[in-house]
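The values are calculated or read from the model by the stated rules, or taken from the named source; none is laboratory data. This is a predicted model, so every value here is computed, not measured. Every residue, glycine as well, gets a Cβ built from its backbone with ideal geometry; the counts of neighbours run over all protein chains shown. Remember, those area values only see protein heavy atoms, side chains included, never the ligands or the DNA or RNA. Shrake-Rupley method; radii C 1.70, N 1.55, O 1.52, S 1.80 Å.
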Amino acid sequence: MRTYLLALDQGTTSSRAVVLQSDGRVLSSAQQRFRQWYPEAGWVEHDPVEIWQSQRDAMQEALGMAHLGLGDIKAIGIANQRETTVLWDKVTGEPVARAIVWQCRRTAALCQEMVARGLEPVIRERTGLVLDAYFSATKIQWLLDNVAGLRIRAERGEVCFGTVDSWLVYNLTGKRTHVTDVTNASRTLLFNIHTRQWDPELLRIFNIPPDILPTVVPSAGYIGTTDASVVGDAVPIAGLAGDQAAALFGQGCIHPGMAKNTYGTGAFLLMHTGDQPVPPVPGLLTTLACEVAGGKPYALEGSIFMAGAVIDWLKESMGMIHSASESEQLALSVSDTQDVYLVPAFVGLGSPYWDGFARGTIVGLTRGSGRAHVVRAALESVAYQTRDVLDRMVQASGYPLAELRVDGGASRNQFLMQFQADILGVPVLRSHNWETTALGAAYLAGVGVGIYSGPEHIFRQTEEFTRFDPQASKEEVNARYRRWQKAVERSRGWALD
Ligand code: ADP
């Protein structure tokens, strides 16, 4: 008898569903896109009902493709876009407004004002985050204060808050279960990462009634049962995690010092740091990794704004390449960039710099510079930015980096992966299974229902990687990396004048 797991991967632009066997083999996957709403400049919203329906449709489609019914599934795991905020009516289950998406900047001024009132240090110490519109708390506050009558209803206990994991579990269980997992809770600015509970002081600071909050559960374990009248069968939901935490787990980063980078439009780096949170360091977030089988690990997180997006820019705005994959041949057509460096600070620089005023820069151009040098410099910039973040993580955590595990669209680029290994001086391991987020969600569910005894059991069975070993000399790498740092300095603060 084969054992099947279903992973729901609810992302920012689409809802995906993946059917897997317990050995990690993917049987089918389906994807449903849904609408993005931009009601004002800098605002981003989703319709929670569309999120739910697209997720349910993707699930049915993936099951159909695998010739299975929901009843054949042993357990469901969910990974989700983080921070996005949904409020709904406790009685009817209807959303009270569209969801405010993590990208939405509508509460940026509110956050600035709170920073000016000196509130950031306590928030940073307790949550590991920074006081930014990106996270859920000010989004909840905005809804409570801008949807007519909502604050009063919330204070009377008539309203539920949830991130997207909560919202999906609530709907899958026929409105019975109102929970969130620790990794999602840790992105709200309301969760104390030391006590691992909602923090009364933070709730007071953000003026949020505690009654609206979901119960916090571990990332793996029995969470709820799907309602047969809603989805056709009663199956346990046993895994729940924010997408980046799920990917860290799916990559098998289950020991301190292990790190992964997802090279998508931007890049998300996470390092497992063991059972103690690393004190806040500039440019990085301290957050929770998946709570599995009694382990309560923490992680450091860094975000790079422009990764694959630099390649999109070369194609769409500069016309230098016809396809993303062409960047590889072009980069390999020259032996180096001839000292050209491209710093893709198009929207400022993310971790570890957090400089909103940095702007994109190309330095070192000469009469001999050509398209291939610039394209190569763009790809190299993705690897250099990754080293910037990882150096800071190693420094902050004290864990040396032994290897980097990678996934995401731009990790297909062999040149980039080899260059990454050279610049880091450690092997880069690219998972054969591209679906690391879904894999993480499925594995969590598998541990949750006891298919696997624990993380070690899973990853002994299933690890398969393409490996890129460092080949460049240390002197050469250090010389280039110093030049990169110099180029970054040239880009800093450009938009301040
Ligand atoms: P997201 O989940 O952020 O949408 P994906 O993981 O799907 O991102 O990756 C898409 C990104 O990967 C795009 O920015 C694209 O330009 C980049 N990309 C895809 N293939 C390659 C390649 N061969 N070389 C470099 N970048 C690539």
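Taking the condition assigned to a helix (DSSP H, G or I) and in contact with a strand residue (DSSP E or B) (Cβ under 8 Å, 6 or more places away or on another chain), does Asp57 pass? Yes; evaluated as a whole, the condition is true for this residue.
Regarding Glu301, is this residue touching a residue at least 24 places away in the same chain (Cβ under 8 Å), crowded, with 17+ Cβ neighbours inside 10 Å, of a type outside the set (Phe, Trp, Tyr) and within 23 Å of Asn184 (Cβ to Cβ)? Yes. Set side by side, the residues Gly448, Gly440 differ, and just one is open to solvent by 20 Å² or more (accessible area, probe 1.4 Å) and within 30 Å of Ala58 (Cβ to Cβ), which is Gly448. In the set (1) open to solvent by 30 Å² or more (accessible area, probe 1.4 Å); (2) under 24 Å from the mean Cα position of the chain (by Cα), Ser453 fails one condition alone, (2).
With the requirement that a residue be open to solvent by 100 Å² or more (accessible area, probe 1.4 Å) and out of contact with any Pro (no Cβ under 7 Å at 6 or more places or on another chain), what does region 464-482 give you?
Glu464, Gln471, Lys474, Glu475, Arg482
Taken over region 416-426, the residue count meeting the criterion of being near the ligand (Cβ under 8 Å from one of its atoms) and open to solvent by 20 Å² or more (accessible area, probe 1.4 Å) is 0. Applying the condition of being open to solvent by 20 Å² or more (accessible area, probe 1.4 Å), within 9 Å of the ligand (Cβ to nearest atom) and part of a helix (DSSP H, G or I) to region 314-328 and asking which residue is nearest to Val347 (Cα to Cα) yields Lys315.
Quick one: which strands (runs of 3 or more DSSP E) lie wholly within region 257-298 and hold at least 2 residues that are within 16 Å of the ligand (Cβ to nearest atom)?
Passing ranges, in order: 259-263, 267-272.
Condition check ((1) at negative phi; (2) assigned to a helix (DSSP H, G or I); (3) open to solvent by 40 Å² or more (accessible area, probe 1.4 Å); (4) among the polar types (S, T, N, Q)) across all residues:
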{"site": "Leu20", "(1), (2), (3), (4)": "yes, no, no, no"}
{"site": "Gln32", "(1), (2), (3), (4)": "yes, no, yes, yes"}
{"site": "Ala62", "(1), (2), (3), (4)": "yes, yes, no, no"}
{"site": "Lys74", "(1), (2), (3), (4)": "yes, no, yes, no"}
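Scanning region 352-388 for residues that are more than 14 Å from the ligand (Cβ to nearest atom), among the basic types (Lys, Arg) and either touching a residue at least 60 places away in the same chain (Cβ under 8 Å) or in a helix (DSSP H, G or I) (or both) gives Arg359, Arg371, Arg387. Against the conditions (1) out of contact with any Pro (no Cβ under 9 Å at 6 or more places or on another chain); (2) away from the ligand (no atom under 16 Å from the Cβ), Phe249 satisfies every one except (1).
Candidates in region 214-232 are the residues that are modelled with pLDDT of 95 or more and part of a loop (DSSP other than H, G, I, E, B); of these, the one that is surrounded by the fewest Cβ atoms within 10 Å (Cβ to Cβ) is Asp227.
Applying a threshold of 8 Å to beta carbon distances and a minimum spacing of six or more residues, or different chains, the list of pairs starting in region 405-417 at a residue that is within 18 Å of Gly440 (Cβ to Cβ) and ending at one that is part of a helix (DSSP H, G or I) and near the ligand (Cβ under 8 Å from one of its atoms) reads Gly408/Gly308; Gly409/Gly308.
For region 404-415, a residue qualifies if it is in a helix (DSSP H, G or I) and within 22 Å of Asp243 (Cβ to Cβ), and the qualifying residues are Gly409, Ala410, Ser411, Arg412.
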